[in-house]
Amino acid sequence: MSANERKTANATSARSRFSLLAGRPAYLRWPLWVLSSLLGLAVATAIAGVALVGLALAVAYPNLPEISGLTDYRPKLPMRIYSADEVLIGEFGEERRQFVPIGQIPEVVQHAVLAIEDARFYEHSGVDYIGIVRAGLANVGESRSQGASTITMQVARNFYLPTEKTLSRKVYEILLAFKIESQLSKPQILEVYMNQIYLGQRAYGFGAASEIYFGKPLKALGIAEAAMLAGLPKAPSAYNPIANPQRARQRQQYIIERMYENGYITEEQAEAAKAETLVYRKEISVPLHADYVAEAARQLIYAQYGEGAYTRGLNIYTSVNSVEQEAAYRALRKGITDFERRQFYRGPEGYVDLPEDAAARDAAIVETLDDHPDNDEIKAAVVLQADPKKVVAVLQSGDVLTITGEGLRPAASGLSPKANPKVQVRRGAVIRAIQPWA
């Protein structure tokens, strides 16, 4: 375009602008002219901003890391030692994980996760623009903040990016999300997320979390249980149902509401799930006692594979028969305990000063018994009252037990007035006794 043509175009633009103001009252012309100029400046700024963002993305995209760790996903799985009849006798590895293919993850668990983490997962291409706007409005209008990271963005962050919150990290997170969506299908992305995410208690993935928190496989979970697990990814320690039951329940109730709002469950199902009382798995050790065999197998495998032995998901089968091993274990323990009963009472394992305040006393008992854990059927307890006819003791769970009659025989020599050592109740004696209680 020549100089004369540019002058003509500018004159035409000016005439058109002023023609819009023609016929307007004098007091409106200048405000309208200023408004139209500002609007034009805003549009130009927006276009320039989009161009700059596009340029920055174009420069950053080639520098993104390869995502072969996702396209060829191989999660860290612990080494497990089994008996000859396939009973678990040992598990070694930092991460508790049970890989579950997406086709075997129940819909109720998938829906619970999608409801709270990314309800539009199957509709967006890695970044949910509608979700970003919705989260922004919610954060302005409510005290409860909402995030806008999609499941794909979380996968990108967990695998490849640092934890600090910076603008550059967010840009790379978005770009990686686009790259992941271009190379993996939606079910593959969800499969990686649900098997990789940390859920507390050393559990990685929903398969391991289901076993650790509820003692059952994923396929056996109901709506209430699935919603409880779905609340863990945001903050596993804060929403741990065992350590923080009240806070965890509040989040679970919110997730159930989200499942209903998204059409995953009916109103009746939502109400029933909200009212359900969950039963959690008690912390137990490996059911079969073959510690020496498991350790011998671990050493042999470690010598061959090194540190990779704890992450490759190796299943080791020994020649030990679980029935015979359990019989030997019980026979040995019975012989030792029978021998111990025939001996002079050795006295309490320790003492604790019990405060007068009930809450402080309970806390002191719990802390003390942390240092004196149970040993299978032999339970540790703190004595609250003791005499030759009755002993009252409390377990770490808070259960108060009264032991009388034959149950006192192993400690009879320590309950008489002249006994030395004696169960000194005033200081809170730490004792052990064998179930069942007499």
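Table: residues versus (1) more than 28 Å from Phe92 (Cα to Cα); (2) touching an Asp or Glu at 6+ places or on another chain (Cβ under 7 Å); (3) assigned to a loop (DSSP other than H, G, I, E, B); (4) modelled with pLDDT of 90 or more.
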{"site": "Glu164", "(1), (2), (3), (4)": "yes, no, yes, no"}
{"site": "Glu173", "(1), (2), (3), (4)": "yes, no, no, no"}
{"site": "Ala177", "(1), (2), (3), (4)": "yes, no, no, no"}
{"site": "Pro187", "(1), (2), (3), (4)": "yes, no, no, yes"}
{"site": "Gly207", "(1), (2), (3), (4)": "no, no, no, yes"}
{"site": "Lys216", "(1), (2), (3), (4)": "no, no, yes, yes"}
{"site": "Ala224", "(1), (2), (3), (4)": "yes, yes, no, yes"}
{"site": "Ile255", "(1), (2), (3), (4)": "yes, no, no, yes"}
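Of a type in the set (Val, Ile, Thr) and either buried (at least 16 other Cβ atoms within 10 Å of the Cβ) or under 16 Å from the mean Cα position of the chain (by Cα) (or both) - does that describe any residue in the stretch 278-288?
Pass one, the stretch 278-288, residues of a type in the set (Val, Ile, Thr): 279, 284, 286.
Next cut, either buried (at least 16 other Cβ atoms within 10 Å of the Cβ) or under 16 Å from the mean Cα position of the chain (by Cα) (or both) only: none.
Within the stretch 278-288 (the criterion being of a type in the set (Val, Ile, Thr) and either buried (at least 16 other Cβ atoms within 10 Å of the Cβ) or under 16 Å from the mean Cα position of the chain (by Cα) (or both)), the answer is no, since none of the residues qualifies.
Give the residue that is farthest from Gln196 (Cα to Cα), with candidates limited to residues of the stretch 297-325 that are free of Cβ contacts under 8 Å to residues at least 40 places away in the same chain and open to solvent by 50 Å² or more (accessible area, probe 1.4 Å).
Pass one, the stretch 297-325, residues free of Cβ contacts under 8 Å to residues at least 40 places away in the same chain: 299-300, 302-308, 324.
Imposing the further condition that a residue be open to solvent by 50 Å² or more (accessible area, probe 1.4 Å) reduces the set to 299-300, 302-305, 307, 324.
Details: Gln299: 28, Leu300: 29, Tyr302: 24, Ala303: 28, Gln304: 27, Tyr305: 23, Glu307: 20, Glu324: 38 Å.
By that ranking, first place goes to Glu324.
Please go through the stretch 158-212 and give me each residue that is polar (S, T, N, Q) and either surrounded by fewer than 19 Cβ atoms within 10 Å (Cβ to Cβ) or over 20 Å from His111 (Cβ atoms) (or both), ordered by number.
As a first pass, look at the stretch 158-212 and keep what is polar (S, T, N, Q): 158, 163, 166, 168, 182-183, 185, 188, 195-196, 201, 210.
Hits for the stretch 158-212 are Asn158, Thr163, Thr166, Ser168, Ser182, Gln183, Ser185, Gln188, Gln201.
Working only within the stretch 97-122, note down all residues that are basic (Lys, Arg) and more than 22 Å from Gly313 (Cβ to Cβ). Please lay out each step first, then the result.
Initially, the stretch 97-122 is screened for residues basic (Lys, Arg), giving 97, 120.
Selection gives Arg120 alone.
Quick check on my filter: what residues within the stretch 358-387 are under 24 Å from Lys282 (Cα atoms) and charged (D, E, K, R)?
Within the stretch 358-387, Arg361, Asp362, Glu367, Asp370, Asp371, Asp374, Asp376, Glu377, Lys379 meet the criteria.
One line per residue, one yes/no per condition, for (1) outside any helix (DSSP H, G or I); (2) more than 24 Å from Arg120 (Cβ to Cβ):
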{"position": "Lys219", "(1), (2)": "no, yes"}
{"position": "Lys234", "(1), (2)": "yes, no"}
{"position": "Ser237", "(1), (2)": "yes, yes"}
{"position": "Gln252", "(1), (2)": "no, no"}
{"position": "Arg258", "(1), (2)": "no, no"}
{"position": "Glu268", "(1), (2)": "no, yes"}
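Assuming Ile212 fulfils every condition listed in (1) touching a strand residue (DSSP E or B) at 6+ places or on another chain (Cβ under 8 Å); (2) over 21 Å from Lys76 (Cα atoms); (3) of a type in the set (Val, Ile, Thr) apart from one, which condition is it?
Condition (2) is where Ile212 drops out.
At pLDDT 80 or above, within 43 Å of the chain's Cα centre (by Cα), surrounded by 13 or more Cβ atoms within 10 Å (Cβ to Cβ) and of a type in the set (A, V, I, L, M): does that describe Ala433?
Values: at pLDDT 80 or above: no; within 43 Å of the chain's Cα centre (by Cα): yes; surrounded by 13 or more Cβ atoms within 10 Å (Cβ to Cβ): yes; of a type in the set (A, V, I, L, M): yes.
Here the answer is no, as Ala433 does not meet what is asked.
Could you check Tyr264 against (1) in contact (Cβ under 8 Å) with a residue 40 or more places away in the chain; (2) open to solvent by less than 10 Å² (accessible area, probe 1.4 Å); (3) in a loop (DSSP other than H, G, I, E, B) and say which number it fails?
Among (1) in contact (Cβ under 8 Å) with a residue 40 or more places away in the chain; (2) open to solvent by less than 10 Å² (accessible area, probe 1.4 Å); (3) in a loop (DSSP other than H, G, I, E, B), Tyr264 violates only (2).
Go through the residues of the stretch 263-281 one by one and say whether even a single one is closer than 20 Å to Asn321 by Cα and of a type in the set (Val, Ile, Thr).
Narrowing the stretch 263-281 to residues closer than 20 Å to Asn321 by Cα: none.
Among the residues of the stretch 263-281, not one is closer than 20 Å to Asn321 by Cα and of a type in the set (Val, Ile, Thr), which makes the answer no.
Could you say which residue among Tyr292, Tyr351 is without any contact (Cβ under 8 Å) to a residue 24 or more places away in the chain, open to solvent by 60 Å² or more (accessible area, probe 1.4 Å) and of a type in the set (Ser, Thr, Tyr)?
Details: Tyr351 fails: without any contact (Cβ under 8 Å) to a residue 24 or more places away in the chain.
Matching residue, one of Tyr292, Tyr351: Tyr292.
Any residue at all in the stretch 213-226 that is in contact with a helix residue (DSSP H, G or I) (Cβ under 7 Å, 6 or more places away or on another chain), open to solvent by 20 Å² or more (accessible area, probe 1.4 Å), without any contact (Cβ under 8 Å) to a residue 24 or more places away in the chain and farther than 14 Å from Leu278 by Cβ?
yes
If I filter the stretch 326-348 down to residues being surrounded by fewer than 11 Cβ atoms within 10 Å (Cβ to Cβ) and small (Gly, Ala, Ser), which single residue comes out as nearest to the chain's Cα centre (by Cα)?
Ala331
The values are calculated or read from the model by the stated rules, or taken from the named source; none is laboratory data. Remember, it's a predicted structure, so these values are computed and weren't measured experimentally. Cβ sites come from the backbone with ideal geometry, for glycine too, and all protein chains shown count toward neighbours. In case anyone asks, the SASA skips ligands and DNA or RNA and just uses the protein heavy atoms, side chains included. Shrake-Rupley method; radii C 1.70, N 1.55, O 1.52, S 1.80 Å.
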